[in-house]
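The values are calculated or read from the model by the stated rules, or taken from the named source; none is laboratory data. Just so you know, these numbers come straight off a predicted model, no measurement behind them. A quick note on method: Cβ atoms are made from the backbone with ideal geometry, for glycine too, and the neighbour counts reach across all protein chains shown. Surface accessibility is based on the protein's heavy atoms, side chains included, excluding ligands, DNA and RNA. Shrake-Rupley method; radii C 1.70, N 1.55, O 1.52, S 1.80 Å.
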Amino acid sequence: MAWCALPKRMNWFLSTSKDRPSCRRHTWSRRRLMRHFRNYRRHEPSARSKQRARLNVIMGTLLAITFTVLLVGSGWLVFQRVYMPIHHRNMLDKAIREHAELARERAEQCKNFDWEMACDNMGPAGARRRCLYTGTNDRTSELEESKLLSDDPSVTFDSNCLRVYRLHLYGNITFPYHANHLLSLGGNATMALFIQHGAMRNAEDYFCSFKKLMLQQKYRNFDDVLIIAPDFNYQHDDLVHPQDAFWNSTKPWGDWRDGGESDPDCCGNAVRDSPETISSFEILDTMLAMLTNRRLFPHMEKISYVGHSAGGQMVQRYAVMSPLAALWDLDPDVDLEFIIANPSSYTYLTPQRYRYNCGHCECNTHNC
């Protein structure tokens, strides 16, 4: 019984079967136990089981990669669809607030400035301007004054204390321009004079120059002439509002002088699912529609577009391409004219070109 009570003792394993008393609980012989515990060898797996194991590893790896991609993709989607719009909206609101605060500061500094004083601030060209007129045709209504002290960018001052007005277009897009007053206020003007700046985009200089010219002319009363200077900006131009349309100078979006769409990065588009853009010609169409609205300008008789250099290129292309300009050109109540000055290129409707000479040297040897 001692042998059965102590089955794990080594002398039991080393004893022979005839020396060991019989015990029903221990039926294994020493040889069998030694073979089981000493000579045990793991069986080699078959080729099929190896292939199955490899497939299991591959499937596990693919599942891990798929799960990781889905996890990262869902996180990126949440980041782009939830966090980034909120971040861009906060940044846009911050930029609008900063621009409004700066506009209110300039409004306080420029409180007693008229257009002549503002034009004199522009340097030597403005300093030579003389006060030839004792009155003013700047229509500074109570509405304009209230907008100057609010967050509304419709009326602001530039760095020279010259008033900057803005059109409110679709999709919260705004567009700056210089004028006698807000176009939305209407008026009794009999003539509108569009002055289109050149490649330097210095609309304020053109506006001041033509204000001076209107003082000198005797063709119409000074108060009857509405001067408008559209201001087509690039992204990093001075005092561009966060919601202003601006244009780059590269394809595929084109440029303002070609009627191209505004830059897709403009106008607070970062907070929109799809960018809102507007053509520079569409902006001129909007202004033209306002000027020919008899409820706003009941006495309007003539609208002139004047463009110099790159502005001349834009004006002639607008005259050719705008269906609204062609429509109002046929209106017997409003005369529409386009004056082109010194463009670097002309718009031709046919492949024919004029033959020209440069002094005594004939530059073009082909006939028209």
Expected sort for 153-163, 211-221 on mean C-beta neighbours within 10 Å, highest first, is 153-163, 211-221
Quick calc: nm separation of the 7 Å Cα→Cβ label points for E108 and K218 -> 4.8
Packing-ranked peptide list from 313-319, 229-235, 97-103, 181-187, highest mean Cβ count within 10 angstrom first, is 313-319, 229-235, 181-187, 97-103
Simple SL model, points at 7 angstrom along Cα→Cβ for L143 and F79; separation in nm is 4.7
Ignoring ligands and nucleic acids, H308 exposes an accessible area, probe 1.4 Å, in Å² to the nearest 10, of 70
Length gained, E301-A53, 0.36 nm per residue minus C-alpha separation, equals 80.3 nm
